[in-house]
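Participant: Below is the structure I would like to discuss, written out as structure tokens.
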Amino acid sequence: MRKRTKWLLLSLLILVIVLFALHRFYIYVLQDTWASENAVIEQAKQETDLVQGDKVWKSVWDEVCWVVQGQDASGHEMMVWLREGHKPEVRLLSEGVSETQVRTIINKSLPEINIVRLMPGIYNERQVWQLFYKQKDHHYYRFYDFGTGEALNDVFTLPNR
């Protein structure tokens, strides 16, 4: 019985050490991403009326664009598009289409798709919602205008492997 207890305690100790190591590895891998997101939120706060950043997205299409969703001092929800070499573009969420609203539009117009990712970004100098989705065996990119929620004509198909 005593030998069994020793092995049980040793196994539990090894399990705790492995879990701790996995946790530290997770933090190590994501700390650069978190630091970048926090820096973008601070930049948006300094350059605009944003006082609280809630969500951050990094969109890469023709160029890198960070988008921050948050609130101004009055509590109004706003979106800030940040691109290198450009002034920040600020829009109140009430002036455009929210993520929930664009998901509803997508589900009505493309009910048979599987949404992989939906994020705000810039496409052809327009503020858009960028949709990456799977339909049957193919993956596609499609863009929706941030202001109106209308689908843009361009659809990009990724080749099958």
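The values are calculated or read from the model by the stated rules, or taken from the named source; none is laboratory data. None of these values were measured; they are calculated from a predicted model. Here the Cβ positions follow ideal geometry from the backbone for every residue, glycine too, while neighbour counts run over all protein chains shown. What goes into the accessible areas is simple: the full protein's heavy atoms, side chains included, and nothing from ligands, DNA or RNA. Shrake-Rupley method; radii C 1.70, N 1.55, O 1.52, S 1.80 Å.
Participant: Cβ under 15 Å from Q31's Cβ, Q31 left aside: what net charge do those residues give with Lys, Arg +1 and Asp, Glu -1?
Facilitator: Result for the neighbourhood of Q31: -1.
Participant: Report, in deg cm²/dmol and to the nearest 500, the calculated mean residue ellipticity at 222 nm for the chain, where each DSSP H run with n ≥ 4 adds -39500 (n - 2.57) and the sum is divided by the residue count. Could the numbers behind the result be given before it?
Facilitator: Details: 2 runs with 57 residues, N = 161.
The helix contribution divided over the chain gives -12500 deg cm²/dmol.
Participant: A follow-up question, please. Averaged over all directions, how much area does the convex hull of the C-alpha atoms of the chain cover when projected, in nm²?
Facilitator: Averaged projected hull area, Cα only: 15.2 nm².
Participant: Return the carbon/sulfur percentage of the accessible area of the range 99-158, one whole number, probe 1.4 Å, all protein chains in place.
Facilitator: 44 percent
Participant: Taking 23 Å as the cut-off for C-alpha to C-alpha distance, list the pairs among K55/K87; K58/K134; K55/K108; K55/K136; K108/K136 that go past it. If you can, show how the numbers build up before the last one.
Facilitator: Values: K55/K87 20 Å; K58/K134 21 Å; K55/K108 25 Å; K55/K136 30 Å; K108/K136 17 Å.
Long pairs (Cα-Cα over 23 Å): K55/K108; K55/K136.
Participant: For L152, what is the net charge nearby, where nearby means another residue's Cβ is under 15 Å from its Cβ and Lys, Arg count +1, Asp, Glu -1?
Facilitator: Residues close to L152 contribute a combined charge of -3.
Participant: What is the chain's relative contact order, in percent, from Cα pairs under 8 angstrom and six or more apart in sequence?
Facilitator: Values: 232 pairs, mean separation 19.9, N = 161.
This gives 12 percent for the chain.
Participant: Something else now. Tilt of helix 99-109 relative to the longest C-alpha principal axis of the chain, in degrees (0 to 90, nearest 10)?
Facilitator: Tilt relative to the chain: about 70 degrees.
Participant: Give the shape of the range 99-158 as rounded, prolate or oblate, defined through the alpha-carbon gyration tensor: a ≥ b ≥ c are the square roots of its eigenvalues, a/c under 1.5 means rounded, and otherwise the shape is prolate if a/b is larger than b/c and oblate if not.
Facilitator: oblate
Participant: Continuing with this model, one more query. Quick one: check the C-alpha center-to-center distance for the range 15-61 versus the range 132-147, whole angstrom.
Facilitator: Going from one Cα centre to the other spans 26 Å.
Participant: Need one word for the range 44-117: rounded, prolate or oblate. Basis is the Cα gyration tensor (sqrt eigenvalues a ≥ b ≥ c); a/c below 1.5 gives rounded, then a/b vs b/c decides.
Facilitator: It is oblate, given that a/c is not under 1.5 and a/b is not larger than b/c.
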